[in-house]
Amino acid sequence: MNTPKTFNLRLVAIAAATSLLSACGVAETGAVAAAQGGTAAEQVKEAEKTKEKVEQDVAAAEPAAADARAKAEEEAAR
């Protein structure tokens, strides 16, 4: 009768160790997901900055393009 008690204790110990190790993996997965979420948020901010810069560059280039078109039309009319 001594064997079943020892066997049960080993099963309990193995189950406890497995649960603890599994919980650590879940915690690490959560930490990685949080870090990636932070990185994604930073990428969105950078994308917004880039978009604003491109829009400003386009707005700044429009007058020069309009002048170039006007000159080309004048020369074509001659």
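Under a straight-distance cross-link criterion of Cα-Cα below 19 Å, which aspartates and glutamates are reachable from Lys71, leaving out those fewer than 8 residues away in the same chain?
Within the straight-line limit of under 19 Å, Lys71 reaches these aspartates and glutamates: Glu62.
Can you sort Arg69, Arg78 from fewest to most other Cβ atoms within 10 Å of each residue's own Cβ? Each step should come with its number before you reach the end.
Working: Arg69 10, Arg78 4.
Neighbour counts put them in this order, fewest first: Arg78, Arg69.
Read-outs throughout are calculated quantities, based only on the coordinates presented, and are distinct from any laboratory measurement. Being a predicted model, the structure only gives us computed values, none of them experimental. Note: ideal-geometry Cβ built from the backbone for every residue, glycine included; neighbour counts use all protein chains shown.
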